[in-house]
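Single-structure report; data block below.
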Amino acid sequence: MSKARIIKLLKILQDKTDPDHVLNSEQLITMLNEQGEDAERKTIYSDIRSLQNAGYQIESVRDGRNSGYYYDDLKLDGSELRVLADAVLSNNFITDRKSDELLKKLLAMTNEHERKVIEKTLTYRHDKTGNEQILYNIDALQKALYEHEAISFAYFDRNIRREKSYRRKGQRYHTIPYALIWSQDRYYLIGYSESHDDFTHYRVDRMERIETEKTDHQFRPFDVSDYVSRVFEMYRGQDEVIKLRCEQKLAQEVSDQFGDSMIVTAENESHFEISVRVQRSPVFYSWLFKYGSQIEIVSPERVRREYGEMCKEVMERYGQL
């Protein structure tokens, strides 16, 4: 048995076959010959049997002209790979170069037939960053999470000219990493600040010079999903239980926004009321504002007044009052 031949045979089957595209022994012999390997029917049968005995899922078809063999052990099917490929191309925190590298690796996990279908139907690519530092940051933060280490780092904003402006006059931040999440095309680190005795979050693409250090911090249970829903897409504010009155036609949008965290407290043919715990913040108010009079804050009264004042200021700015 030629080890080189059997490896080449396996690669041919993996790349060129599936249940709809089989190769018979004569076709396999020709392809192996093109790669410099001698083969005949007997060796094809023997090599395939050896691969099957080794655990490779190689199936045979006996159907007249369509007889042959195919590889049936792909780790991901076409639809799964398509979802992952779209995720790679639609995010904006991975550079064009790295996106192309990841896409090539993903598509190498399927055969050439499925690969052609995916490549020809991928049409959208988000505007990309030119900074690959975020990938090194993710690697460092992932290690700190796994090792239960503390980190320190520099944190910056960018001004209108895209120049870096370091917070705290360049002094380093310190936190205990609890989670890495991807939200709204951004990567965020959620960490615990021992000095403030609270959780907070940072954009990974704004972190620099990450260093890890040992810690005796006693890690506590932490619900990432709850944190994200309450903080409302990474904007902090006062935690509140708020009751909203919504028109029935917004049931899908409201359900998408709050999911299982909302409690339906009243309902009729035209409206429904929910109670939901959110962080009272500009982002929460902007979400309300886009629905105009279709969603009303019922309580607490102080939140209702605060939102009303914000709406009044906007109308005054445009000379509507």
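Annotations for the structure displayed:
- Residue, nearest to the chain's Cα centre (by Cα), within segment 1-37, restricted to residues that are crowded, with 17+ Cβ neighbours inside 10 Å and among the hydroxyl-bearing types (Ser, Thr, Tyr): Thr17
- Filter result for Thr110 (surrounded by fewer than 19 Cβ atoms within 10 Å (Cβ to Cβ), part of a loop (DSSP other than H, G, I, E, B) and among the β-branched types (Val, Ile, Thr)): no
Each row is one residue, and each column tells you yes or no for (1) out of contact with any Gly (no Cβ under 8 Å at 6 or more places or on another chain); (2) closer than 27 Å to Ala108 by Cβ.
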| position | (1), (2) |
| --- | --- |
| Glu37 | yes, yes |
| Arg41 | yes, no |
| Tyr45 | yes, no |
| Ile48 | yes, yes |
| Gln52 | yes, yes |
| Gln57 | yes, yes |
| Ser60 | no, yes |
| Tyr69 | yes, yes |
| Asp73 | yes, yes |
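- When restricted to residues that are loosely packed, with under 15 Cβ neighbours inside 10 Å and acidic (Asp, Glu), segment 285-305 contains 1.
- In this structure, Gln252 does not qualify as touching a residue at least 24 places away in the same chain (Cβ under 8 Å) and not hydrophobic (A, V, I, L, M, F, W, C).
- Among the conditions (1) in a loop (DSSP other than H, G, I, E, B); (2) modelled with pLDDT under 90, Val83 misses just one, which is (1).
- When residues of segment 166-208 are limited to those that are of a type in the set (Val, Ile, Thr) and assigned to a strand (DSSP E or B), the one nearest to Phe93 (Cα to Cα): Ile181
- Subset of segment 38-53 that is of a type in the set (S, T, N, Q) and over 37 Å from the mean Cα position of the chain (by Cα) - its residue that is surrounded by the most Cβ atoms within 10 Å (Cβ to Cβ): Thr43
- Pairs where the first residue, in segment 260-273, is among the hydroxyl-bearing types (Ser, Thr, Tyr) and the second is surrounded by 12 or more Cβ atoms within 10 Å (Cβ to Cβ) and outside any helix (DSSP H, G or I), C-beta under 7 Å, 6+ apart: Ser261/Val276; Ser261/Arg277; Thr265/Lys243; Thr265/Glu273; Thr265/Ile274; Thr265/Ser275; Ser270/Glu247
- Taking the criterion of being farther than 30 Å from Arg5 by Cβ and either assigned to a loop (DSSP other than H, G, I, E, B) or not charged (D, E, K, R) (or both), the only residue of segment 40-80 that qualifies is Ser79.
- Among the residues of segment 55-79, those that are out of contact with any Phe, Trp or Tyr (no Cβ under 9 Å at 6 or more places or on another chain) and over 30 Å from Leu122 (Cα atoms) comprise Gly55, Arg62, Asp63, Gly64, Arg65, Asn66, Ser67, Gly68.
- Which listed residue is at pLDDT below 90 and touching a Phe, Trp or Tyr at 6+ places or on another chain (Cβ under 9 Å), from Tyr307, Tyr318, Tyr227: Tyr227
- Close Cβ contacts (under 8 Å, 6 or more residues apart or on different chains) running from residues in segment 276-297 that are without any contact (Cβ under 8 Å) to a residue 40 or more places away in the chain to residues that are assigned to a strand (DSSP E or B) and surrounded by fewer than 17 Cβ atoms within 10 Å (Cβ to Cβ) comprise Val276/Val241; Val276/Ile263.
The values are calculated or read from the model by the stated rules, or taken from the named source; none is laboratory data. The structure presented is a predicted model; accordingly, all values stated were derived computationally and were not measured. So basically every Cβ, Gly included, is an ideal-geometry build from the backbone, and we count neighbours across all protein chains shown.
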